[in-house]
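First comes the structure, then the notes that go with it.
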């Protein structure tokens, strides 16, 4: 597998789902062995577990007091496309635009602009079982030449228990939107989050149904989005990942615990 970048700069604009700020990012192609980084207010923030500053309802990166919020959907798209060299310049606000709550708009624009480079890409291979847990939630990483993720979650009355396994087909997860339950909205707002959230960018689930016009994009859309989030959080390792992952009720915080556990093994080697 070769390293990849994009053939020309790309811009995305929208709103930050948590900040409510107008958001603009510019993606710049980079030469081999540059890696992926965010650039804001003169500070380059490399994609690395060491630069994670928050995992509460999003994955945020920071360095030298400068923070870029909600990076997971863009990172998931880059991971799925194998893009390994790119700088994401954050111009408006501090947050990556949420678009429609999925990775679709990023994927649609990037897919036809990927360029293979001459150097081989690094691949992070799971070589032994690694498990992290918190309460009754857990994630297990297992050796495999594949990239496979199974997610199982509990979604109360309307959706109940759902389980989904991703085996590499991008279209199976890229349209799945970020979601919340209607009873959570007040608490999210009290925590100063969700200021840009709406039915245009968030799947809202109630006891008896879906609030969004058009309903679900997939019958099991919430678990597919959880898979998409994990794809993005795993790219914090700085390389495409090979392994089999089983997540039960995991979220960004537990994803990050797994990434730290895997990264520590890489560093020790």
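The values are calculated or read from the model by the stated rules, or taken from the named source; none is laboratory data. All values derive from a computational prediction rather than experimental measurement. FYI the Cβ positions are ideal-geometry reconstructions off the backbone, even for glycines, and counts take in every protein chain you see.
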Output yes when any residue across the stretch 171-187 is farther than 24 Å from residue 204 by Cβ, at pLDDT 95 or above and surrounded by 17 or more Cβ atoms within 10 Å (Cβ to Cβ), and no when none is.
no
Count, please, the residues in the stretch 228-250 that happen to be assigned to a loop (DSSP other than H, G, I, E, B) and over 20 Å from residue 157 (Cα atoms).
2
Test: residue 189 is outside any strand (DSSP E or B) and touching a residue at least 60 places away in the same chain (Cβ under 8 Å)
no
Selection count, the stretch 55-68, where residues are surrounded by fewer than 24 Cβ atoms within 10 Å (Cβ to Cβ) and either closer than 18 Å to residue 241 by Cα or in contact with a strand residue (DSSP E or B) (Cβ under 7 Å, 6 or more places away or on another chain) (or both):
7
For residue 228, only one of the following conditions fails: (1) within 24 Å of residue 74 (Cβ to Cβ); (2) at pLDDT below 95. What is its number?
(2)
Given (1) touching a strand residue (DSSP E or B) at 6+ places or on another chain (Cβ under 6 Å); (2) under 21 Å from residue 140 (Cα atoms), residue 211 misses just (2)
Positions within the stretch 206-227 being under 16 Å from residue 164 (Cβ atoms) and not in a helix (DSSP H, G or I), in sequence order:
216, 217, 218, 219, 220
Wholly enclosed strands (runs of 3 or more DSSP E) of the stretch 14-61 bearing at least 2 residues touching a residue at least 60 places away in the same chain (Cβ under 8 Å):
22-29
Among residues of the stretch 84-134 being part of a helix (DSSP H, G or I) and in contact (Cβ under 8 Å) with a residue 60 or more places away in the chain, the residue surrounded by the fewest Cβ atoms within 10 Å (Cβ to Cβ) is 109
Residue 215 fails exactly one of the following numbered conditions: (1) surrounded by fewer than 18 Cβ atoms within 10 Å (Cβ to Cβ); (2) at pLDDT 95 or above; (3) on the phi < 0 side of the Ramachandran plot. What is the number of that condition?
(3)
Test result for residue 84, over 17 Å from the mean Cα position of the chain (by Cα) and either at negative phi or modelled with pLDDT under 95 (or both):
no
For the subset of the stretch 69-83 comprising residues that are over 15 Å from residue 14 (Cβ atoms) and touching a strand residue (DSSP E or B) at 6+ places or on another chain (Cβ under 8 Å), which member is surrounded by the most Cβ atoms within 10 Å (Cβ to Cβ)?
78
I need a count of the residues in the stretch 144-167 that are modelled with pLDDT of 95 or more and exposed (fewer than 14 other Cβ atoms within 10 Å of the Cβ).
5
Do we find that residue 199 is in contact (Cβ under 8 Å) with a residue 60 or more places away in the chain, in a loop (DSSP other than H, G, I, E, B) and either surrounded by fewer than 17 Cβ atoms within 10 Å (Cβ to Cβ) or out of contact with any strand residue (DSSP E or B) (no Cβ under 9 Å at 6 or more places or on another chain) (or both) in this structure?
no
Could you grab me the full set of residues in the stretch 142-157 that are within 11 Å of residue 242 (Cβ to Cβ) and not in a strand (DSSP E or B)?
143, 144, 145, 146
